[in-house]
Amino acid sequence: MKMLLALTLALATHCAAAHDTWFERLPAEDGAVRLALGTGNRFPVQESGIGAQHLVHSGCRAARLATTLRPLRDEATSLLLQAAPGMATCWAQSEPFEVTLAADKIALYLREIQAGPEQRAAWAAMQQRGLPWRERYAKHARIELGPPTAQAVPMAMDLLIEHPGPVRAGEPISVRVLRDGQPLAGLAVELVGEASAFGIWRRSDAQGRLQVPVPAAGRWLLRATELRLSDSMPDTWDSRFVTLAFDAGPATDQNGISLSSKALSASHTAASTAMSSEPPSSTTRR
């Protein structure tokens, strides 16, 4: 029975390998902040959790105050955690896992992470040598619990929203990508919303920055996968999955008053048109 349980858990982790992992804020209990850390095929639906024993870094921060992020229990689709009241941002990084990807899934995977010419050329060379796709990956998840903090956290991959004040619908936001604390250029980042089938893709510039519009109020997720050949394991890929969850409030005028339903409708229509013109991301993850 123990062997069967261990095999089931291993398969669950293996199948969730390339799905995004993100935080969802839950209703508070006794003033404490509760978060669900889960993995899913497409935001915002979480389908499986990640065991607390697999987290190598986690925590929360408010201004200069840093606190722990306490695991509570495993739920059916997520790991339930608790943060202290008043925290501004929380994060978690997993240990690395290894996976061998089936040949018929690789083209879809490269498309879904918007892999660049360098990765595609390297894979083509590996194919000519008859090599399989072996990958070592780690998950990095973060959530903003209020207005963006624009401060890096101690994760190997990080996404920052450099935006003054709360995020509002219809406003562009500036995002910065960090790898080992340094700006990362050329990474494709997707913005996905809870109510849209389309994502907006942008690629970071030489300073690791990109700008992306937030079309509507609601829950949003920035997601990216950094992929490169390993320096220590020959013919093996190293990947770092990173997400940043945040909320956008309704659009307002110059006086901070919410726009009318008519204006919001027009704004949403224009934003939807812009989103549909972006390269769509498939609803299937590897």
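The values are calculated or read from the model by the stated rules, or taken from the named source; none is laboratory data. A quick note: this is a predicted structure, and the numbers were derived from the prediction, not measured. As a convention, Cβ positions derive from the backbone with ideal geometry for all residues, glycine included, and neighbour counts pool all protein chains shown. Note: areas computed on protein heavy atoms with side chains; ligands, DNA, RNA excluded. Shrake-Rupley method; radii C 1.70, N 1.55, O 1.52, S 1.80 Å.
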Between residue 106 and residue 68, what length in nm is gained on full extension when 0.36 nm per residue of separation is reduced by their alpha carbon distance? 9.9 nm
Shape box of region 63-169 [Cα atoms, principal axes, largest first, Å]: 54, 35, 25
Take the Cα gyration tensor of region 105-257, multiply each eigenvalue by 5, square-root it, and list the three semi-axes largest first, rounded to whole angstrom. 33, 16, 12
Cβ charges +1 (Lys, Arg) and -1 (Asp, Glu), total dipole of region 19-93, debye: 300 debye
Of 96, 123, 57, farthest towards positive along the dipole that unit charges on Lys, Arg, Asp, Glu beta carbons give region 47-132: 57
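Using a 1.4 angstrom probe, figure out how much accessible area region 56-132 has per residue, in square angstrom, rounded to the nearest whole. Display every interim value, and only then the final one.
Working: 4260 Å² over 77 residues.
On a per-residue basis, 55 Å².
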Trypsin sites (Lys or Arg not before Pro) restricted to DSSP loop in region 57-166 with at most 15 other C-beta within 10 Å: 64, 129
